[in-house]
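Inspection log for the structure reproduced underneath, given as structure tokens.
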There are 2 protein chains.
Amino acid sequence: MKFSTQEEYGIRCLLRIARATTSNGLTIPEISQFEGLTPSNVGKILRLLRLGGFIESARGQTGGYKLARVPEEIIIGDVLSVLGGKLYEDGFCSVHAGVEGICHNSIDCSIRSLWTTIQNLLDGVLSKISLKDLTGKDELIQIMINN
Amino acid sequence: MKFSTQEEYGIRCLLRIARATTSNGLTIPEISQFEGLTPSNVGKILRLLRLGGFIESARGQTGGYKLARVPEEIIIGDVLSVLGGKLYEDGFCSVHAGVEGICHNSIDCSIRSLWTTIQNLLDGVLSKISLKDLTGKDELIQIMINN
DNA sequence: ATGAATCTTGACTTTTTTGTATAGATTACT
DNA sequence: AGTAATCTATACAAAAAAGTCAAGATTCAT
């Protein structure tokens, strides 16, 4: 399993915006230059972030992008969902489920059990990491241990 | 981040082979029918599993595929690596690393820190789950807690 | 008002991943 | 030996993801 480039670039752009100091926010050309991406590509990615409610845009000559909320309230798990989807989309295994919603009768369910176990593990971690944790100076490992 | 279809199909095929009772193992047409995949596709996936050392093949009229080792020794993390690669291929950030090999100077490293943190988390779990855990009747969650 | 800078959207192209087909090699049975 | 069943390998085709482009809409400064 891999991270998509959209996830990587999306988080990067979001970090740039989070760290920007100018009051107008950052423009597409600026982010584009910082990250070495084409303006078109940045525009496409920022669109997703905007639709996801993580950033807000201003048009016109003094336009640009800013965070839509404070970094503490921007959860990395949510951002990754918007950029790359969930690890495994389910809707399966609703019948015949054993304890804790996991069954172990068929091969299908052996695998779903694995996938959902991993998914729950990841969700648990990613739902506790905010954009602030990435911009700050503390170690991620320490943050995870404390939560 | 998502699982590739190759990872899903690969694990499925491996589970089929692990559960087979016939002494000759399973043939491509058999697995193909069980899993609803084309023989070509199964052949391609089994090739990866064979090169990875998880299964062994016998040619000829009575040929087929068997596990190359006992299920306890087939680690799911290794299988997924062969089928879909690592979550994040690194080789970066070797200089300027802080404690525990993680630095936090640039945006680049903020993200690498996130990726590697997640990667280590996953590796830790997947290295403890064997094929036997997937074929058995015990809950994966329980297995993880006990390890 | 006009022009310049910006964001917005959808269609298009390229690249990567996935899946298919074909020809060949090996083995066992008769 | 010959035939049928199997695995093996490479090249080809289709689908999905990633990236690009062009036309439009909005805002501010002059």
Cβ neighbours within 10 Å from other chains - mean over A:2-14: 3
Using only DSSP helix segments of four residues or longer, with each worth -39500 (n - 2.57), what per-residue ellipticity at 222 nm results for chain B after dividing by its residue count and rounding to 500? -16000 deg cm²/dmol
Name the shape class, rounded, prolate or oblate, that the alpha-carbon gyration tensor gives for region A:1-77, where a ≥ b ≥ c are the square roots of its eigenvalues, rounded holds for a/c under 1.5, and otherwise prolate holds if a/b is larger than b/c and oblate otherwise. oblate
Could you work out which residue, out of B:80, B:114, B:37, moves most in a Gaussian network model of chain B, that is, has the largest mean-square fluctuation with Cα springs under 10 Å? B:114
Could you pull the Cα extents of chain A along its three principal axes, largest to smallest, in whole Å? 61, 34, 23
Per the axis that maps chain A onto chain B, nearest residue of A (Cβ criterion) and its distance in Å: A:1, 3
Could you check how many percent of all C-alpha pairs in the protein assembly as shown are farther apart than 23 Å? 61
Percent RCO, i.e. relative contact order, over region A:5-146, from Cα pairs under 8 Å lying at least 6 residues apart: 24
Label geometry 7 Å along the beta-carbon vector: residue B:29 inter-copy distances in nm: 6.6
homo-copy label distances at residue B:147 (7 angstrom along Cα-Cβ), nm, one dp, ascending, are 2.5
Taking a point 7 Å out from Cα toward Cβ as the label site, list the nm distances between residue B:53 and the same residue in every other copy, smallest first. 4.9
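Sum up the charges of everything whose Cβ sits under 14 Å from the Cβ of residue B:68, counting Lys and Arg as +1 and Asp and Glu as -1, but leave residue B:68 out.
Result for the local shell: 0.
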Could you give the distance between the Cα centres of region B:122-147 and region A:114-143, to the whole Å? 21
Say we join alpha carbon atoms closer than 10 Å with springs in a Gaussian network model of chain B; which of B:61, B:119, B:33 then has the biggest fluctuation? B:61
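Computed from the coordinates by the stated procedures, all read-outs in this text should not be read as laboratory data. Quick caveat: nothing in here was measured; it's all calculated off a predicted structure. Glycine also receives a Cβ, built like all others from the backbone with ideal geometry; neighbour counts cover every protein chain displayed.
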